[in-house]
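Chemist: Take this structure, written in structure tokens, and hold onto it; I'll ask about it next.
The values are calculated or read from the model by the stated rules, or taken from the named source; none is laboratory data. The structure displayed is predicted, hence computed values, not measured ones. Cβ coordinates were reconstructed from backbone atoms using ideal geometry, including for glycine residues, and neighbour counts include every protein chain displayed. To get the accessible areas, we keep the full protein, side chains included, count just its heavy atoms, and leave off ligands, DNA and RNA. Shrake-Rupley method; radii C 1.70, N 1.55, O 1.52, S 1.80 Å.
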Amino acid sequence: GLPDWVERDFRGYLECGILAHGFARARCEGCGHERLIPFSCKSRGICPSCNARRMCEVAAHLTDHVLPHVPARQWVLSVPKRLRPYLHHDVRVAGAVLQIFLRAIRTTLRRSSPTAPPRAQLGAVSFFHRFGSSLNVHPHYHLVVLDGVFSKADDSEIAFHEAYDLTPDRIAQVESVVRKRVLRYFRRQGLLDDLDAAGMLNWQGSGGFSVDASVRIEAEDRAGIERLVRYCARPPFALERLHALGSTPSLASPESRLVYRFPKPDIHGRTELLLTPLELLDAIAKFVPPPRVHRHRYHGVLAPNARLRPHAVAFGRPELVSEPPATEGDAASPSPSAEPAPAPASPARIRWAVLLARIYDVLPLLCPACGGEMRILAFLTDPPVVSAILLHLDLPHKPPPLAPARGPPQSDLLAGLLDQTPTFDPTEPEPIPDFEFDQSTPDDFDL
């Protein structure tokens, strides 16, 4: 079976964007044109629309309110395939590997910044990906790290020390340090024995560990920063790459009716993947993150409780022009009995209309008839009211019927296994066992 949170995500996705489950009613104040806006499911793993909205919301918030106007660099860490199942299934192990990676980056940035004091701090935002670009399970890390460190003395302002001396040799040193410390951690936790850890440490090249830091964005390229954060916060799969083959069966499998095209060829040279509907659902189910686990985290001076966070976030940001104070005889000045202005909303929340306009360059609350401004009148969730409005507008007032879940055909499965049971022939020689370890087996992820 699947975990409960995976089933909840799938069931929530079946109600996403369906007017019969409720909607918001918008009306144009000029011509009276109305529009019905369905609700979203807000799932975290499988809904392409909600994942795209969350990606753009996180990128807009980090660009406008969190990341200061300093250079930033993307750091990517991949581990050997033998260790990836532990990262995928154990949140504690994934967090420990991330901390090892952050400590190595912090030490390297301090050494690469000539003017930085010994206790200078980095600023980073981390994203943990459970997926690859070909619908495969590939746990790895993407980090947006400020390309330098911050420091502040007791009687001075905050200072940023840019990492001018970050050479490829130093990046390769980070890879070597992370490799040794991660294997040491797995050995201490009992996830690897001493012989296996020593063997992986002596593998040729990097031994399956990969650290990349080739993408750097300048301080004033805010559009580039937002594109980088969108890439790090991207959803597990893109709906525009999924296509139906129609009624014609595929040559690879008579049941394959779906094709997923890759953005670039994989390590095997494939450019697309043929799937049956059940295979697609099985692949997507592995990408749903557990509940109460953050999809991105803040570190260093960008951490929520960091002492230097207010100063670091405002560093290099252009100051807003404040309005001149109102005079005593100004008619616009508030009276003593006037109510106080409401507190500003949290910058982490962006208005729905503003977010859609930022994503698609289209104003959703702009009337298509007269071009005027539309206003949300009400949010309707009462089934009788929703059904009456949809019937009046000649729209489907009932959600699509859902078939009940069914179990696998156990009788057919057992019959097939009995037909494939090999018979023992004492005259045949025993096959030579293959002791080579295959890292690409998908069974490693079915713990």
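Chemist: I'd like the accessible area for E15, computed on protein heavy atoms only with a 1.4 Å probe and all protein chains in place. Round to 10 Å², please.
Modeler: Around 100 Å² of this residue is reachable by solvent.
Chemist: Same structure, new question: Starting from the Cα of K42, draw a straight line to each of the lysines and keep only those under 30 Å, dropping any in the same chain fewer than 8 residues away.
Modeler: K264, K286, K398
Chemist: Compare Y164, Y141 by solvent-accessible area with a 1.4 Å probe and give them largest first, with all protein chains kept in place.
Modeler: Correct descending sequence by accessible area is Y164, Y141.
Chemist: Give me the dipole magnitude in Debye, nearest 20, for the stretch 155-272 about the Cα centre, with unit charges on the beta carbon: positive for Lys and Arg, negative for Asp and Glu. Don't skip to the end; give the middle numbers.
Modeler: Details: 17 positive and 18 negative charges, 123 e Å.
The calculation lands at about 580 debye.
Chemist: Can you give the net charge of the other residues whose Cβ lies under 13 Å from the Cβ of H311, counting K and R as +1 and D and E as -1?
Modeler: Taking every Cβ under 13 Å from that of H311, the sum is +3.
Chemist: Same structure again: 5 Å is the cut-off here: which amide hydrogens, built 1.01 Å from N in the peptide plane, fall below it relative to G372, excluding neighbours closer than 5 in sequence?
Modeler: C367
Chemist: Taking 0.36 nm per residue of sequence separation and subtracting the Cα-Cα distance, how much length would be gained by fully extending the chain between H33 and L395, in nm to one decimal?
Modeler: Difference between extended and current length: 128.6 nm.
Chemist: While we're on this one: Karplus couplings for the stretch 221-227 from phi (6.51 cos²θ - 1.76 cosθ + 1.60, θ = phi - 60°), rounded to Hz, Gly and Pro as x?
Modeler: 8, 5, 5, x, 4, 5, 5
Chemist: How large is ³J(HN,Hα), in whole Hz, for each residue of the stretch 48-58 in order, when computed from phi with the Karplus curve 6.51 cos²θ - 1.76 cosθ + 1.60 and θ = phi - 60°, using x for Gly and Pro?
Modeler: Calculated HN-Hα couplings, in order: x, 5, 5, 5, 5, 5, 5, 4, 5, 5, 5 Hz.
Chemist: Moving on to the next point. In what sequence, largest accessible area first, do L365, L98, L274 appear using a 1.4 Å probe?
Modeler: Heavy-atom accessible area, descending, gives L274, L365, L98.
Chemist: Which value, in Å² and to the nearest 10, is the accessible area of M200 when all protein chains are kept and the probe is 1.4 Å?
Modeler: Rounded to the nearest 10, that gives 0 Å².
Chemist: Still on this structure, I have one more. What accessible surface, in Å², does a 1.4 Å probe find on V215, ignoring ligands, DNA and RNA and rounding to the nearest 10?
Modeler: Per-residue accessible area (V215): approximately 50 Å².
Chemist: Follow-up. Fully extended, how many nm does the chain gain between E272 and R375 (0.36 nm per residue separation, minus their Cα-Cα distance)?
Modeler: Separation in residues times 0.36 nm, less the Cα-Cα distance, equals 32.7 nm.
Chemist: Mind checking which of G190, V211, P236 is farthest towards the positive end of the stretch 147-238's charge dipole, using Cβ charges of +1 (Lys, Arg) and -1 (Asp, Glu) about the Cα centre?
Modeler: Checking the options against the dipole of the stretch 147-238, the answer is G190.
Chemist: FRET efficiency for D64 and L195, Cβ-Cβ distance as r, R0 = 56 Å, nearest 0.05?
Modeler: Working: r = 51 Å, r/R0 = 0.92.
Here the calculated transfer efficiency is 0.65.
Chemist: Show me, for the stretch 195-201, the HN-Hα J-couplings you get by feeding each phi into the Karplus relation (A = 6.51, B = -1.76, C = 1.60, θ = phi - 60°), rounded to Hz, glycine and proline as x.
Modeler: 5, 5, 5, 5, x, 5, 6
Chemist: Place +1 on the Cβ of every Lys and Arg and -1 on the Cβ of every Asp and Glu in the stretch 170-310, take the dipole about the Cα centre, and give the residue among H296, L258, L201 whose Cα lies farthest towards its positive end.
Modeler: H296
Chemist: Under a straight-distance cross-link criterion of Cα-Cα below 26 Å, which lysines are reachable from K180, leaving out those fewer than 8 residues away in the same chain?
Modeler: Straight-line reach from K180, under 26 Å: K81.
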